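Student: This structure is in structure tokens; I'll ask about it shortly.
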Amino acid sequence: VHQGKRYRATLALGSVERLAGNAQIAQKFRALGFVSVRVSGSGAKRRVEGVWPGKETSANRPPQIVAGAKL
């Protein structure tokens, strides 16, 4: 991820994970370091957008993220 860039991820959640609210999912992304996080959708499929304010870095993508893009 690149500093100051906005990203979008599509999540496919498992049977227990889909019970999480959008606020909980947003908090998980904030804990990873993203800011201005917005989550939409419900159930198993969610869309998350956020800005990466930190330095450029890379990491393995969690299996719940089925698609991701820089906006």
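Student: Could you please let me know if G4 is touching a helix residue (DSSP H, G or I) at 6+ places or on another chain (Cβ under 7 Å) and either open to solvent by 50 Å² or more (accessible area, probe 1.4 Å) or under 17 Å from L71 (Cβ atoms) (or both)?
Tutor: Criteria not met by G4.
Student: Output the residues belonging to the range 38-63 that are assigned to a strand (DSSP E or B) and either more than 12 Å from I25 (Cβ to Cβ) or touching a strand residue (DSSP E or B) at 6+ places or on another chain (Cβ under 7 Å) (or both).
Tutor: R38, V39, S40, G41, K45, R46, R47, V48, E49, G50, V51, W52
Student: Kindly indicate whether N60 is out of contact with any Cys (no Cβ under 9 Å at 6 or more places or on another chain), polar (S, T, N, Q) and surrounded by 12 or more Cβ atoms within 10 Å (Cβ to Cβ).
Tutor: Taking the combined requirement at face value, the residue does not satisfy it.
Student: Quick one: what pairs do we get from the range 49-66, first residue closer than 29 Å to R18 by Cβ, second open to solvent by 60 Å² or more (accessible area, probe 1.4 Å) and of a type in the set (D, E), C-beta under 9 Å, 6+ apart or different chains?
Tutor: Sorted first by the residue in the range 49-66, then by its partner, the pairs are Q64/E17.
Student: Say we look at the range 34-49 and pick out the residues that are hydrophobic (A, V, I, L, M, F, W, C) and closer than 16 Å to V66 by Cβ; which of these is least open to solvent (accessible area, probe 1.4 Å)?
Tutor: V48
Student: Please work out which one of (1) over 11 Å from the mean Cα position of the chain (by Cα); (2) loosely packed, with under 11 Cβ neighbours inside 10 Å is the condition A31 fails and give its number.
Tutor: Going through (1) over 11 Å from the mean Cα position of the chain (by Cα); (2) loosely packed, with under 11 Cβ neighbours inside 10 Å one by one, A31 breaks only (1).
Student: Looking only at the range 7-20, how many residues end up being open to solvent by less than 70 Å² (accessible area, probe 1.4 Å), within 13 Å of R47 (Cα to Cα) and either in a loop (DSSP other than H, G, I, E, B) or of a type outside the set (S, T, Y) (or both)?
Tutor: 4
Student: Further question on the same structure: May I ask you to list the residues in the range 21-34 that are farther than 21 Å from N60 by Cβ and either polar (S, T, N, Q) or outside any helix (DSSP H, G or I) (or both)?
Tutor: Result: G21, N22, Q24.
The values are calculated or read from the model by the stated rules, or taken from the named source; none is laboratory data. Nothing here was measured: the structure is a model prediction, and the numbers come from that model. Backbone-built Cβ (ideal geometry, glycine too); neighbour counts: all protein chains shown. These area figures cover heavy atoms from the full protein model, side chains too; ligands, DNA and RNA do not enter into them. Shrake-Rupley method; radii C 1.70, N 1.55, O 1.52, S 1.80 Å.
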